[in-house]
Amino acid sequence: MATVKFDNATRIYPGNDVPSVDKLNIDIEDGEFLVLVGPSGCGKSTSLRMLAGLEEVNGGKIWIGDRDVTNLSPKDRDVAMVFQNYALYPHMSVADNMGFALKIAGTDKAEIRKRVEEAAKILDLEQYLERKPKALSGGQRQRVAMGRAIVRSPQVFLMDEPLSNLDAKLRVQTRTQIASLQRRLGVTTVYVTHDQVEAMTMGDRVAVLKDGLLQQCDTPRRMYDHPNNVFVAGFIGSPAMNLLNVPVTEGGARFGSGLLPISREDLSRAGNEITVGVRPEDVDITSEGDGLPLTVEVVEELGADAYVYGTPASDKAKDPTAPVEKPFVVRTDGRRPPMKGETIYVKPKEGHLHVFNMETGERIGD
Amino acid sequence: MSSATPAPLPEDVADKAVAEAGGDADLQTGRPKRKTKSAAGNAARAVTSPWASIFAIFMALAWTTPTFGLFVTSFRKQEDIQTSGWWKSFASPFTLDNYKQVLQGAEGQPPLADFFVNSFVIVIPAVLLPLLLAALAAYAFAWIDFPFRSSLFVAVFALQIVPLQIALLPLVTMFQNMGVKSWPGGNYWSLWLAHSAFALPLAVYLLHNFMKEIPASLLEAARVDGAGHVRIFFQVLLPLIAPALASFGIFQFLWVWNDLLVAMTMLGGSPEKAPLTMILNTISGTLGNRWYLLSAAAFISIALPVAVFLSLQRYFVRGLLAGGTKG
């Protein structure tokens, strides 16, 4: 068990000018579960592979514990990795798959057998130990891949989208299992996913990457309540946060017919327009004429809640040829949702407004 | 030697029969046939038609009949062979005399049994050596990044173009200059090395393609598990490319076992080391007065390749990679 530290770690693929991972700085605590998340091509898998030693580091350093592992080969790093496609050795039995690393390390046979059996017990694989991977189901293969990592009791677990090949139901189940297993074993874990729900539910901390750049690294709660920029605000949360560009006026920002109070200090750091963000659950439906008018287009009823998708009515009236904006989403009481085609007026709840600089996308204020 | 070629043919027929059965099944289930315009699709339809099957069966019979004739002939008496065709042989009794004579030898004719050993001594290293070298080279070409990798690979494969007949005499001179004769193992070394050299380009190419098919994550998993190149090669890759090793092994075995030209060139001065094929060549006697022994000798010499083929066949399994990776 150890800490992990990315210190300005950079990876530039040969033939590319733009780095795939650009000066990544993350400190991971001992025993922490860190999730790297981002859209495809953001460099999250590359970062993980750099930590595993499968990808060269072109700049900066990577530390595991107090060892500089930047130029060490994978076998000298004491890390275990779970691959997206499991990467089990097809010609070996489950037990041999799990014990392969120990066999290489020269552990004696009885000890290997003991540790494989312990891991198999944890993962409920005991009756499959003598089978070949092809005689297992997808979920079982995934568990064998986990087992292969556990058996080694390495300093760091690396997981590269280990759930993406499972069906939806199994994915949710396994998600919880992995998270609780990690807490129990207390091994520092770096987990890569493109699924922000996975990231939010599993991680002690979540790091959001985009185009090789770290956007924010925080606890899921903090990430949700306090996104550092427009990208994180739009990426984390489902349905996504509503983001609107609104003009700045005296004392605040114009929001439909209403005014959003924004401190003078914050306004001084913005231009003529700002981007405001508000989560669907932080929107109140108000009386007519108060706030932003929305024409209701779709209502999704989920039982307890209903999500109302509407377009700002005023925009359309102004210019009917204007491209349709992203719908504005409002969560309302599931028992009395507005009807399709209706016009409703909405206003953000106080204290739940996120304000961003429109040019830079950076967060303004707290 | 030519009699060895038709042997695999019944297999082909069986394959076609299977393909045909598959085609019929499609019709029976009433599944709408896809109207693919691809050349492969056309070819597949062409060979599944009944006419094609009849043609294939006819070809198979045409190829195997002479072999069968040879087989029958090998059991006939000398005077029968010399006076009538094999198709008339069912009137007269069969005999094992030809086999006895060939195996035990006659005047001026060494026993064939002795030369089986020679053929073995030649064929085993001449199969294993190129297999090992080619597998190592293929691993490097497929999975290790080094400068000029692709141009070197093309160069290796391009060597395939050089006909061995052109390279033979320079090779003999080279081996003489190197003094191969005085090495332990003597002249056999020149045969082993020559056969390996001629086999390598194709072997490297074939095994390389096979190794490339193995998912990269499997090798990465092994690296993270702590395996170096040697361990990855022997414990992860070699078991997975067993079918390729077996098929190339069979080809090389048949080629070396049936080879006469290279053996004659390299072993010209030492007849006691000659393989079976060289004895087959001389068995009919200097004046051709014992040609009736040829059919029996030929069948003795093909017995082993058939056995090898059948025993290695179980390695031709598909789906060896199944289950390791997903997606």
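The values are calculated or read from the model by the stated rules, or taken from the named source; none is laboratory data. If you're wondering where the values come from, they're calculated on a predicted model, not measured in any experiment. Virtual Cβ from ideal backbone geometry, glycine too; neighbours counted across all protein chains shown.
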The condition from (1) more than 31 Å from the chain's Cα centre (by Cα); (2) free of Cβ contacts under 8 Å to residues at least 40 places away in the same chain; (3) surrounded by 15 or more Cβ atoms within 10 Å (Cβ to Cβ) that A:GLY258 misses is numbered (2)
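What residue, among those in region A:70-95 that are more than 10 Å from chain B (Cβ to nearest Cβ) and in a helix (DSSP H, G or I), is surrounded by the most Cβ atoms within 10 Å (Cβ to Cβ)? Lay out the reasoning, then the answer.
Of the residues in region A:70-95, the ones more than 10 Å from chain B (Cβ to nearest Cβ) are A:70-72, A:93-95.
When the remaining residues are screened for being in a helix (DSSP H, G or I), the result is A:94-95.
Numbers: A:VAL94: 27, A:ALA95: 22.
Out of the qualifying residues, it is A:VAL94.
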Looking at region B:137-160 only, could you name the residues that are surrounded by fewer than 14 Cβ atoms within 10 Å (Cβ to Cβ), more than 18 Å from the chain's Cα centre (by Cα) and assigned to a helix (DSSP H, G or I)? B:ARG149, B:SER150, B:SER151, B:VAL154, B:ALA155, B:ALA158
For A:ARG184, state whether it is over 25 Å from B:LEU238 (Cα atoms), within 14 Å of chain B (Cβ to nearest Cβ) and not aromatic (Phe, Trp, Tyr). no
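What number of residues within region B:89-110 satisfy the criterion of being over 30 Å from B:ALA274 (Cβ atoms) and either surrounded by fewer than 16 Cβ atoms within 10 Å (Cβ to Cβ) or at pLDDT 80 or above (or both)?
Adding up the residues that qualify gives 5.
Would you confirm, using the coordinates I've provided, whether A:ALA149 is among the hydrophobic types (A, V, I, L, M, F, W, C), touching a Phe, Trp or Tyr at 6+ places or on another chain (Cβ under 8 Å) and surrounded by 17 or more Cβ atoms within 10 Å (Cβ to Cβ)? First the steps, then the outcome.
Details: among the hydrophobic types (A, V, I, L, M, F, W, C): yes; touching a Phe, Trp or Tyr at 6+ places or on another chain (Cβ under 8 Å): yes; surrounded by 17 or more Cβ atoms within 10 Å (Cβ to Cβ): yes.
Yes.
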Within region B:181-235, tally of residues that are part of a helix (DSSP H, G or I), out of contact with any strand residue (DSSP E or B) (no Cβ under 6 Å at 6 or more places or on another chain), within 8 Å of chain A (Cβ to nearest Cβ) and crowded, with 22+ Cβ neighbours inside 10 Å: 3
Any residue in region B:289-301 that is within 14 Å of B:LEU103 (Cβ to Cβ) and touching a residue at least 24 places away in the same chain (Cβ under 8 Å) sitting within a Cβ distance under 6 Å of a residue that is among the small types (Gly, Ala, Ser) and in a helix (DSSP H, G or I)? List the pairs, counting only those 6 or more apart or interchain. B:ALA298/B:SER3
The strands (runs of 3 or more DSSP E) lying wholly within region A:206-280 that contain at least 3 residues that are of a type outside the set (S, T, N, Q) and within 26 Å of A:THR46 (Cβ to Cβ) are A:213-218
Flag if A:GLU161 is surrounded by 19 or more Cβ atoms within 10 Å (Cβ to Cβ), within 14 Å of chain B (Cβ to nearest Cβ), in contact with a strand residue (DSSP E or B) (Cβ under 9 Å, 6 or more places away or on another chain) and not hydroxyl-bearing (Ser, Thr, Tyr): yes
Which one of these does A:VAL69 not meet: (1) without any contact (Cβ under 8 Å) to a residue 24 or more places away in the chain; (2) out of contact with any Asp or Glu (no Cβ under 9 Å at 6 or more places or on another chain)? (2)
Among A:VAL57, A:VAL18, A:VAL79, A:VAL69, which is the only one that is out of contact with any strand residue (DSSP E or B) (no Cβ under 8 Å at 6 or more places or on another chain) and of a type in the set (Val, Ile, Thr)? A:VAL18
